[in-house]
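Below is one structure; the comments refer to it alone.
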Amino acid sequence: MALGDSYTAGVFVGEPRPALGSADRDGCDRTTGAYPNLVERRLTAEPPAGRLVQLIDFSCGGATINEIASARQTPISPVQAPEDGWPSVAPQVDRTGLSASTDVVTIGVGGNSLPFGKILTSCLIAGIGQPDEATPCRDSYEAGGPFLDPESIYDKYDRVTREYAGMLRAVQEKAPNAKVITVGYPTIVPEDPTTCDRQDTTELAADLKDVGRISATHGDIAWLGEVNTHLNAIVEAITELSGGTYVDTATSSVGHDACQPRATKWVEGVCGKAGSYWPSEVAVGPLTLTCSGGNRTTLVHPNASGHANTATQVEAAVRTALTTETSQS
């Protein structure tokens, strides 16, 4: 079973699942190039301990921690969206049908509960007119949060910790015999933030209609990396306390962040390469973010190489879980 948010679903990598035009589309933006599908194909080609593997994937772009186990979600896909919006979907633990017979559950979630997208947007706006070394976004979040997101980063960390622990308990109650594997987020910014070009929208700058080009400062880019690291640490700690297995994707993706050249990056920037079905502009609150030059609104998400790397790490964890289970039975 694969549960998770857009970093699990794939959103713009590969072909949409269900296919474009299908009556089964639910607005969750799962794709054929997402790591759960890559893992399934690899395990099918070489079954662990001779066991047949079946993937059930109801990951959904935009999902929060609570929408994994307890809350309904209203999907936000910009692709072929109904005029009146997407209907809400049940919590992922219910959609996947977790039960006592479930062997393995992978979970990749947490970013939308901060929410990281709103933090990134706040940092882009806060960087207007600021020198490279300034940290207006960090300063605001450490002091209680900006106007658009009035919650301090410390309160966010505390809340996400509680929510993640509750979510894992709910998953384990639904699937008491399953091995639970949680998946962290990849490295999204470089170790040296000064290598980011503040004018490059394929990195961490953005063009807003009627506003112009904005970007996070180098100081805040470094802080965004710290936020990502802290989120991963929360996921890892809660996973270990619950007896699960944590998959680290950050270490293996160092040097492949959003500020790297096209051939090197595993995470697209605010704008980047994506399937032709993905839009080149998207509403961000009352503003409209636009991408040019054939780029799409990738909004700092993993590309095909990023999903391939995550698949390698997750495949190893799933193989270990299934092989260990077989040897103990």
Is it fair to say V160 is crowded, with 21+ Cβ neighbours inside 10 Å, touching a Gly at 6+ places or on another chain (Cβ under 7 Å) and part of a helix (DSSP H, G or I)? yes
Out of (1) farther than 23 Å from D29 by Cβ; (2) without any contact (Cβ under 8 Å) to a residue 60 or more places away in the chain; (3) crowded, with 16+ Cβ neighbours inside 10 Å, the odd one out for K273 is which? (1)
When you check T202 against the structure, is it hydroxyl-bearing (S, T, Y), part of a loop (DSSP other than H, G, I, E, B), within 24 Å of K156 (Cβ to Cβ) and at pLDDT 95 or above, yes or no? no
Which residue is surrounded by the fewest Cβ atoms within 10 Å (Cβ to Cβ), if the candidates are limited to the range 18-33 and must be within 26 Å of K174 (Cβ to Cβ) and in contact with an Asp or Glu (Cβ under 8 Å, 6 or more places away or on another chain)? P18
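Residues checked against (1) at pLDDT below 95; (2) buried (at least 16 other Cβ atoms within 10 Å of the Cβ); (3) closer than 23 Å to S99 by Cβ:
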residue	(1), (2), (3)
G127	no, yes, no
A134	no, yes, no
L148	yes, no, no
D155	no, no, no
P186	no, yes, no
V189	no, yes, no
R198	no, yes, no
Does any residue of the range 282-297 turn out to be within 19 Å of the chain's Cα centre (by Cα), under 26 Å from E163 (Cβ atoms) and buried (at least 17 other Cβ atoms within 10 Å of the Cβ)? yes
Can you tell me which of E236, E268, E226, E203 is in contact with an Asp or Glu (Cβ under 9 Å, 6 or more places away or on another chain), charged (D, E, K, R) and under 30 Å from L168 (Cα atoms)? E236
Restricting to the range 210-247, and then to whatever is charged (D, E, K, R) and modelled with pLDDT of 95 or more, can you tell me which residue is farthest from the chain's Cα centre (by Cα)? R213
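The values are calculated or read from the model by the stated rules, or taken from the named source; none is laboratory data. Every value quoted in this text rests on a predicted model; they were computed, and no experiment measured them. Please note: Cβ atoms are built from the backbone with ideal geometry, for glycine as well, and neighbour counts cover all protein chains shown.
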